[in-house]
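Single-structure report; data block below.
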Amino acid sequence: MLRESRRAGTAKRGRPVDIQVDAPIKAHHATFADKNFRKQNPWLIASSLLIPAGVVWLTIHSFQALLSVFIVAASLHVLHQCAYLTDCYRMKAGVPERPWARLVDYGVIFSSIYPIALYKIVNGTFYLGDVAIVIPSLFMRMETVYLEWLVFGAFLAAWLYKTLLEQREGTLNGPKTLLIGVTIFFAFVVPGTAGQSRLELAFQSMNAWHSFQYLGLVWLINTMRMERGQLTNKFVARLSGSKGAKWFYAWNFAVTLVLLLVVKAVVTWDPLRLSPDQYYYMLILSPLLIHYYFDTFVFMTSVADLVPRLPVRTAAA
């Protein structure tokens, strides 16, 4: 977080006071292609190699567990990206919030997708293709659903109350509030928009929204790092900036196409005598879960990469 030194003096109610920033923002390297990222985080690189090994083992021995882990990880990743962006908006605004404001924001975000989803899981109607999604047997009961609804309802009420207070005080962070509102709306309703046979398509709509948002976010972070002279990989630099935007999206499309061709080739070859779905998820989830793993680290450490160096401002109480 930023270290701050407050200027002496007071201000009238509602008037912002500038807070001078003493410490520079630390730059975090955000890509595996960056040699500094690999040098600074060897444990992250080494531990990520365990993920494809685990995916292959679960594909062969417990395919249902693999898909269940994937659904949980995917939902957390989508919501974590939203939480990351709220932190960016919070830091950029530079207006100190109530001590419990961030907890409420995080709480309503991370609890929003599970009320209906858990109800379907507990009642055995949540399928990914032909595979039922499950949670540990200890939680496969309606009490889990009731508790989740209670938690989400409490956080939603607290968030609405906080938003109303901020609106009255003139300290409402509009972009952050809009992002949270849109996210929790779609996260809540998507699990209930399809029946058992097409639920995976409903979740893919949420994933598509997240993915387009994510691609823009990665391009923006790398562009800002390039402008600061922090990029060490020439290829990544060519995919950044206004001139590199079209090549950035073309590169990601090409990688996706190659991966699909590899999946098709392996399915045709069938070296392990598995079903096409097993090969598909084994090959797709190996890099995808590594992507989730790395992004969890990046989202928790690199808010400063997206936020310009602006003076921090506070409103008098």
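The values are calculated or read from the model by the stated rules, or taken from the named source; none is laboratory data. These figures come from a predicted structure and were not determined experimentally. All Cβ positions, even for glycine, are placed from backbone atoms using ideal geometry, and neighbour counts span all protein chains on display. When the accessible area is computed, the model is the full protein with side chains, heavy atoms only, and any ligands, DNA or RNA have been set aside. Shrake-Rupley method; radii C 1.70, N 1.55, O 1.52, S 1.80 Å.
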Quiz prompt | Label-point gap, in nm, between residue 237 and residue 33 - each point 7 angstrom along Cα→Cβ | solution = 1.2 nm
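Once neighbouring chains are kept in place and the probe is 1.4 Å, which whole percent of the accessible area of segment 119-206 is contributed by carbon and sulfur?
On the way: 3310 of 4910 Å².
It is 68 percent, rounded to a whole number.
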Practice problem: Excluding residues on the same chain fewer than 8 positions from residue 234, give the lysines whose Cα lies under 24 Å from its Cα. | Solution: 26, 35, 39, 243, 246
Exercise. Can you list which of the trypsin sites (Lys or Arg not before Pro) found in segment 46-155 are DSSP loop residues with at most 12 other C-beta atoms within 10 Å?
Key: 141
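Where does segment 214-271 land on Rg(C-alpha)/(2.2 N^0.38 Å)?
Details: Rg = 15.2 Å, N = 58, 2.2 N^0.38 = 10.3 Å.
Expressed relative to 2.2 N^0.38 Å, the Cα Rg reads 1.47.
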Quiz item: Relative to the present Cα-Cα distance, how much length would full extension add between residue 138 and residue 230 at 0.36 nm per residue of separation?
Solution: 28.3 nm
Exercise. Could you order peptides 226-233, 110-117 by the average number of other Cβ atoms within 10 Å of their residues, highest first?
Key: 110-117, 226-233
Quiz item: What does the accessible area per residue of segment 92-249 come to in Å², with a 1.4 Å probe and no ligands, DNA or RNA counted?
Solution: 54 Å²
Quiz item: Using the alpha-carbon centroid of each, what span in Å lies between segment 245-296 and segment 201-228?
Solution: 18 Å
Practice problem: Evaluate the relative contact order of segment 115-259 (contact order divided by residue number), counting alpha-carbon pairs under 8 angstrom at least 6 apart; express in whole percent. | Solution: 19 percent
Self-check item: Other-chain or far-sequence residues with amide H under 5 Å of residue 128's (modelled H)
Solution: 133
